[in-house]
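The numbers here are math on the coordinates, done by the rules we state, and not lab data. Note that the coordinates shown come from a computational prediction; the quantities given were computed from them, not determined experimentally. All Cβ positions, even for glycine, are placed from backbone atoms using ideal geometry, and neighbour counts span all protein chains on display.
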Amino acid sequence: MIGETLSDVRSIMVEGISGLLAVHADHERPKFEPSKRQITWESGAIAQVFSADDPESLRGPQFSHAWCDELAKWRYAQECWDMLQFGLRLGERPRQVVTTTPRPTRLIKQLMDDPSSTVTRAATHRNAANLAPAFLETIVSRYRGTRLGRQELDAEILEDRPDALWPRALLEKCRVSTPPPLERIVVAVDPPVTSGKRSDACGIIVAGLGADERAYVLRDASLEQAAPLAWARAVVDAYHKVAADRVVAEVNQGGEMVAAMIAQVDGGVPVRMVRATRGKWLRAEPVAALYEQGRVSHVGAFPALEDQMADFGRDGLSGGVSPDRADALVWALSELMLRNNMNPRVRKL
């Protein structure tokens, strides 16, 4: 059993409302031992749990069956999938099942095109009997007819929008496993205006400038519906984890409150405030050009961020909402690659 993280495996796949334990009657329910990452049935059958964040943990063990949940969200999806295939070597006919939101990643497309794959789709309305009426009313009314709604509610795999700044193929092409030595690292934050249930997420993106003069996106630490103190702590935590050089924060959203909140958590964190003088699309175009020039790489996959990038429109929205993660990415890469691009430089030949 493999999920995006070990926490996801436990809370969703094992102990969730529709998890492995819940679907068994009391008298036949298997024993879950979190410390061993193992589930055992009275028959002697054993299931092991793994995190997609650690592809190497799949090297060595062998299995007869596998369940992969939210494959399209895995940061190291291809690496984990490859290791799993080498381990599926027990029994007469090893099998694997994938349950996932249908993001148009390279791996998902390959699996759907594989003649040995059986594909089923389940739209949200087919599960209406098990969902809260208020959820259905709110979510369906808000996202029906949007690209995000077609993906999340109707289980469609969406191709690139015609005006996409970041086509999916471009994002797949820029993926690497590890960065080179980094000369500079920044944490960019696009703070939400409010912290209510309908508020935007707080975009928090970590990126670095390599010794090869290329930019590397290292981490998406964005938070959903976070109070100011919560996202300020997340920013400071990201800053210290990667030993960043500074935090870059948009002043238009929250004004001086952003710097004040970060200082409240850690007054030693340097913050550079940036002000948006152009629309989101115009700010993003020079950054998209860096991708086209092959000057930006993503260290692993960032599904939520890349979804926003691929669906970023001229109206400055992605999926009908503010592209908080993409905004933070633009600020991070602008700081690393574009801020001083007008200054003369001398390079040795």
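Quote the charge dipole size of segment 168-338 about the Cα centre in Debye, to the nearest 20; the model charges only the Cβ of Lys and Arg (+1) and of Asp and Glu (-1). Present the calculation step by step, with values, prior to reporting the outcome.
Numbers: 19 positive and 22 negative charges, 11 e Å.
Magnitude of the dipole: close to 60 debye.
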Legend entry - Sorted peptide list for 268-279, 231-242, criterion being average Cβ within 10 angstrom, highest first: 231-242, 268-279
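Mind pulling the per residue volume of the convex hull built on the Cα atoms of segment 2-152? Å³ is fine.
Values: hull volume 21.6 nm³, N = 151.
Per residue, the Cα convex hull of segment 2-152 comes to 143 Å³.
Which semi-axes, in whole Å and largest first, does the equivalent ellipsoid of segment 237-334 have when worked out from the alpha carbon gyration tensor as the square roots of 5 times its eigenvalues? Present the calculation step by step, with values, prior to reporting the outcome.
On the way: eigenvalues 118, 58, 32 Å².
Taking √(5λ) for each eigenvalue gives 24, 17, 13 Å, largest first.
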Legend entry - Angstrom value of the Kirkwood radius, inverse mean 1/r, which spans all Cα pairs in segment 209-260: 12.7
Inset, instruction - Mind jotting down the distance between the C-alpha centroids of segment 233-249 and segment 82-137, whole Å? - result: 36
Inset, instruction - Name the residue, out of I204, I157, I39, whose mean-square fluctuation peaks in a Gaussian network model built on the chain with Cα pairs under 10 Å. - result: I39
Inset, instruction - Would you please state which residues of segment 98-127 a label at I17 would reach in this model, taking the label point 7 Å out along Cα→Cβ and a backbone N cut-off of under 15 Å? - result: 124-127
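Rounded to whole Å and sorted largest first, what semi-axes of the equivalent ellipsoid does the C-alpha gyration tensor of the chain yield via the square root of 5 times each eigenvalue? Each step should come with its number before you reach the end.
Numbers: eigenvalues 275, 112, 92 Å².
So the equivalent ellipsoid measures 37, 24, 21 Å along its semi-axes.
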Legend entry - A132 versus E28: modelled label distance in nm, points set 7 Å from Cα along the beta carbon direction: 3.2
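Only bridges with both residues in the chain count here: give the DSSP antiparallel percent, nearest 5. Before the final figure, lay out the partial values.
Numbers: 22 of 44 bridges.
Restricted to the chain, the bridges split so that about 50 percent are antiparallel.
Using only the alpha carbons of segment 168-338, what is the convex hull's orientation-averaged projected area in square nanometres? Let's see the in-between values first.
On the way: hull surface 35.5 nm².
Projected over every direction and averaged, the Cα hull of segment 168-338 covers 8.9 nm².
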Inset, instruction - Measure nothing but the geometry: give the 0 to 90° angle between the long axis through the Cα atoms of 133-143 and the longest principal axis through the Cα atoms of the chain, rounded to 10°. - result: 50
Inset, instruction - Starting from the Cα of H65, step 7 Å along the direction of its Cβ; do the same at A45; then give the gap between the two resulting points in nm. - result: 0.4
Legend entry - Ranking of L229, L209 by count of other Cβ atoms within 10 Å, fewest first: L229, L209
Inset, instruction - Tell me the label-point distance for the pair L338, M257, using the 7 Å Cα-to-Cβ offset, in nm and rounded to one decimal. - result: 2.6
Inset, instruction - Return P(r) of segment 106-201 (all Cα-Cα pairs; 5 Å bins starting at 0; whole %; ordered from short to long distances). - result: 2, 8, 11, 14, 16, 17, 15, 10, 5, 2, 0
Legend entry - Residues T101, T120, sorted so that the one with the fewest Cβ neighbours within 10 Å comes first: T120, T101
